[in-house]
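Worksheet: the structure to be examined is printed underneath.
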Amino acid sequence: MLEFDKLLERVAAETRSSGGGRRVRALLPEVEPAAVERRQGLVAEIASAHDAGIGSWPFDDIHDIRPLLRVAERGGACLSGLELRQVAATMQAATRMRRFLERNAEALARVREHANALGEHADLVREIHATILESGEVADEASPALRKTRRGLVTQRQSILRRLEKHLGAQRGTDAYVTVRAERYVIPVRTDAGDVRGIVHDRSGSGATLFVEPFDVVDANNELQALRNAEEREVRRILEAWTRRLAAEVEEIRRSLEALEELDALHAAARAGASMRAARPQIGSTLRLRQARHPLLEMQLQELQQQIVPLDLDLSDVRALVITGPNTGGKTVALKTLGLLVLMHQAGLPVPAHVDSELPLFSRIVTDIGDEQSIEAAESTFSSHLRHVRTALGEARPGTLALLDEFMAGTDPEDGAALAKVVLRRLVRQQATTLVTTHLGELKLFAHAEPGLANASMLFDSDSRQPLFRLQAGVPGSSNALATAERLGFDPTLLEEARGERGNESGRVESILQALEQERRRLAEARRSAESEQREAERLREENAVAHAELSKRRDTVLRDARRELAELVSDARARVERTIRALRESQASRQAIREARAELESLGTELQAMTPALPAAEAPTRAAQPGDTVWIRALGREGTLESVLSDGRARVRYGSAEVMVHVRDLEVRGRAEPAPAAPKAPPGGHEVIAGDADTLLELDVRGLDRQEALAAVDQFLDRALLEGSPLARIVHGKGTGVLRQAIQKHLASHPNVAEFRLGEHGEGGSGVTIAKLR
């Protein structure tokens, strides 16, 4: 009824791991003060650290490895290489988190103590990474036997290929090649050409080509398969050994995983609280909410670009509150807001309310909100309502919160009012905190006279016939049914007849309530006006006093300092100019002396400019850069000639004998003031360009970019590499399907600044890297 599950889904969306999300969805309200204080304190500490700039928590690469740990525990099983890498990645995340908390121990003292179960797994991670490659393949260095077997595989494969190439050389006029069928090396042989004796493993779709394993390589292929089988057995043995190793450490690994997930859940609570502008209310004996907001309703209204009306609620002096007012005026929302915020608070989540709010801890919440009529159970709405009321009476004690909507509605008003009075009296006597909404007029008078009860109403603007959604304590409200009907376009004649049909007593009560509301509004407006005028008068008086004192204090000081600084400036400038002229005469204007004099004068000019108050310069007229313009390249701090402007906003600029590609917004037509050189921009996608001197190999990583982004990054990278003076540039594109590699190499082939390029060799990244030599 209170939609706590939806609220938890909202918080779970802030988690970074599946386990963290599960922990958030499983949150339940605590009833012990120490437990609530502890979790609220942890979330508040994380929020404070975030406000202090500690925001980059290492939650990357946390995998749900519980199923893998169970496999390892069972024994006799074998985890794959990729599964072992997942375990290693998660344990590496635990190590990173442990060190992160150690670095920020002062700001995150509680959190660090809470997460002391995080283990130190650096050695385990390092050993797995040394044995299992990122692809999940077992590395050659995993064992001497595996290294020997794989070397034998390479040698045997090369021997087979040499033999098959001899057969291919004998088939003149054919476009033959070595291929594989059924894990055996074969060559294609046309049925109408050649004479190769061997085993046919396959034929082409047309039947014109046979794939033949020559007899002289059959034994070699058999030996190759034997080596493959040996490799597979050794890999299996290594993986089984690693699985047994993890089984021995499974408890420590599981504790680290649980600590990571708990930290993820706490961090998500802090992030969700920040997005909801939530706070940590005090735990006390009084229920007092200030500027409380229903978080789910607020999100819905924000999507509609509307503002929520905050709820102020104070039960300091009473046990029960009877809320009245118009339909669609916010009575039910007030109940839901209180109930949901109580659950959030006791589950350790920040509450969207002012920090001065105070909430007691409840051990039981009984709600009756909405229509639970059941046709199958032959139960009416009123019967369902009575069941909840009976539950509230049975649970009524200190620590019980009862939220009863449309209290005792759905039956005869006289009977309903009588039953409502005795139930409210019992709930108050048993010290249950109770909020009910009602349209029963008798309950308004009862709440006014009965000890422990109070009235409250949702405000209604009688002029615009619109609800204001604000709760007013101490005053009962009118249902305004006729006003609402008038706003919705009911026939005025019907409304007039309805007013005549109302009983005299009912009409008199409604008139009194409306008069009270009008008087309250008038007094509230007068009070706001008086308070505003008083604040404005105080502000002006304070500003005038401060301004007068400041002017009197600074006037003489500013004039005295200005005269002294000006005299010193003129005297120093005169002396430095005379020294420069004298030095030129004595040195007879040698080149070195002229350079030194020019430097001295430029230094003097810089100091004079720095000491002279800056005046706002008139803004120079601007125009778009055009081909042929001499332009200033902001990112490089250089001049060049604009060659062309592409449709996507990039511009090609010639700089010396090279060309660079920059965005047109990073250019200025020459003649404007030259800006200080800015740091070179990083290539698209956030992939770093590693700069160095002329002998350093620059590197660009474009993995994860699409084709267009990658080519744009390559252009900018090559321009930067050329200006850095590097002879070589290394572009990391990964292996994958080869589409990105082909696109980059095709682009390099036509690039004016690339002399040649090649794939990386062993130790350089292989086919996942292209090395470009620059002109």
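The values are calculated or read from the model by the stated rules, or taken from the named source; none is laboratory data. Bear in mind the structure is a predicted one, so any value in this text is a computation, not a measurement. All Cβ positions, glycine included, derive from the backbone under ideal geometry; neighbour counts span all protein chains shown. We work out accessible area using only protein heavy atoms, side chains counted, and drop any ligands, DNA or RNA first. Shrake-Rupley method; radii C 1.70, N 1.55, O 1.52, S 1.80 Å.
Among residues of region 430-459 that are under 16 Å from V475 (Cβ atoms) and charged (D, E, K, R), those with a Cβ under 8 angstrom from a residue that is in a loop (DSSP other than H, G, I, E, B) and open to solvent by 10 Å² or more (accessible area, probe 1.4 Å), sequence gap 6+ or separate chain, pair up as K444/P476. For region 139-188, residues that are more than 30 Å from L84 (Cβ to Cβ), β-branched (V, I, T) and either touching a residue at least 24 places away in the same chain (Cβ under 8 Å) or in contact with a helix residue (DSSP H, G or I) (Cβ under 7 Å, 6 or more places away or on another chain) (or both) total 5. Filtered by the rule that a residue be surrounded by 14 or more Cβ atoms within 10 Å (Cβ to Cβ) and assigned to a helix (DSSP H, G or I), region 134-147 gives D140, A142, A145, L146, R147. Among the helices (runs of 4 or more DSSP H) confined to region 319-438, the ones with at least 1 residues that are under 46 Å from the mean Cα position of the chain (by Cα) and among the β-branched types (V, I, T) are located at 331-346, 381-395.
Scanning region 97-115 for residues that are open to solvent by 80 Å² or more (accessible area, probe 1.4 Å) and either within 18 Å of S17 (Cβ to Cβ) or in a helix (DSSP H, G or I) (or both) returns R99, E102, R103, R110, R112, E113. Scoring V43 on the criteria (1) farther than 26 Å from A334 by Cβ; (2) at pLDDT 95 or above; (3) surrounded by 14 or more Cβ atoms within 10 Å (Cβ to Cβ) leaves a single failure, condition (1). Open to solvent by less than 10 Å² (accessible area, probe 1.4 Å) and either touching a Leu at 6+ places or on another chain (Cβ under 9 Å) or polar (S, T, N, Q) (or both) - does that describe any residue in region 301-310? Looking for residues that are open to solvent by less than 10 Å² (accessible area, probe 1.4 Å) and either touching a Leu at 6+ places or on another chain (Cβ under 9 Å) or polar (S, T, N, Q) (or both), one finds none in region 301-310, hence no. Residues being at pLDDT 95 or above, under 30 Å from S384 (Cβ atoms) and either assigned to a helix (DSSP H, G or I) or touching an Asp or Glu at 6+ places or on another chain (Cβ under 9 Å) (or both) are represented in region 16-28 by at least one member. Checking every residue in region 290-306 against the condition of being within 28 Å of the chain's Cα centre (by Cα), among the aliphatic types (A, V, I, L, M) and in a loop (DSSP other than H, G, I, E, B) gives at least one match. Taken over region 46-67, the residue count meeting the criterion of being open to solvent by 20 Å² or more (accessible area, probe 1.4 Å) and assigned to a helix (DSSP H, G or I) is 6.
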